[in-house]
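Every number in this text was worked out from the coordinates using simple rules, so none of it is lab data. Here the structure is a predicted model, which is why all the values come from computation and not from measurement. As a convention, Cβ positions derive from the backbone with ideal geometry for all residues, glycine included, and neighbour counts pool all protein chains shown.
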Amino acid sequence: MIRPALIRSVLICLLLCAAALVVVPMDQANAPTTISYHADLAVMTRQAPYQVVAPAGLPAAWSPVNSGVAVGGANGAHTVTWRLGYVTPSGAFAALEETNATAGPFIRRMTNGGTPQAPVQAGGRTWNASENSERGQRSLALTTSAGVTLVVTGNASWPQLHTLAASLQPQS
């Protein structure tokens, strides 16, 4: 025979669980956290032996969500590499990868060996486009005459990648 006190205890626990589900906003757990990348940009402008570029004038709906600078490491001695990732207005991901590492291996790694597409114009520059359909990844890449490689990549749409690429401006 089940005791009334046990039934009451189980009901109280169920009510507390239901209240917790109502009070705790679930959509907050899935929302990306916007970060400030200005400290990493300052490190880049001090450490990089090249003219650093960064996005300028992106629409407010673009949210920076990750940033990191690597000096040396996997890209080789004397390299300076910056990764800056955004969540686009549609919720997709787009990132800038910038380095003075050897271009070919860096581009292959950042694009996951994407299949070449027709070159595109963005921000007054000609970019080599590639797509890795298995990963849903699209990429734009270029290497400047100074040996700096820029890769704009992610699962964002082509127009969104063009927007990010066109926003890149020299920093000092």
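In whole Hz and in residue order, list the ³J(HN,Hα) couplings for segment 85-101 that follow from phi through the Karplus curve 6.51 cos²θ - 1.76 cosθ + 1.60, θ = phi - 60°; x for Gly and Pro.
x, 10, 9, 7, x, 8, x, 7, 10, 9, 10, 9, 10, 9, 7, 10, 5
Percent relative contact order of segment 38-170, based on C-alpha pairs within less than 8 angstrom and at least six residues apart? It would help to have the intermediate numbers written out before the result.
Values: 279 pairs, mean separation 32.0, N = 133.
In percent, rounded to a whole number, it is 24.
For labels at Gln51 and Gln121 in the simple 7 Å Cα→Cβ model, what's the distance in nm?
Using points 7 Å along Cα→Cβ, the separation is 2.0 nm.
List the pair-distance distribution P(r) of segment 38-170, using every Cα-Cα distance, as the percent of pairs falling in each 5 Å bin from 0 up to the bin containing the longest distance, rounded to whole percents.
Final binned percentages: 2, 11, 22, 25, 22, 13, 4, 0.
Assuming 0.36 nm per residue, please report the length gained on full extension of the stretch Trp158 to Ala31 beyond their Cα-Cα distance. Each step should come with its number before you reach the end.
Working: separation 127, 0.36 × 127 = 45.72 nm, distance 2.32 nm.
Answer, rounded to one decimal: 43.4 nm.
Whole-Hz ³J(HN,Hα) for each residue in segment 153-168, computed from phi via Karplus 6.51 cos²θ - 1.76 cosθ + 1.60 with θ = phi - 60°, x for glycine and proline: what do you get?
Using θ = phi - 60°, the values come out as 8, x, 9, 5, 5, 4, x, 5, 5, 4, 4, 5, 4, 5, 7, 6 Hz.
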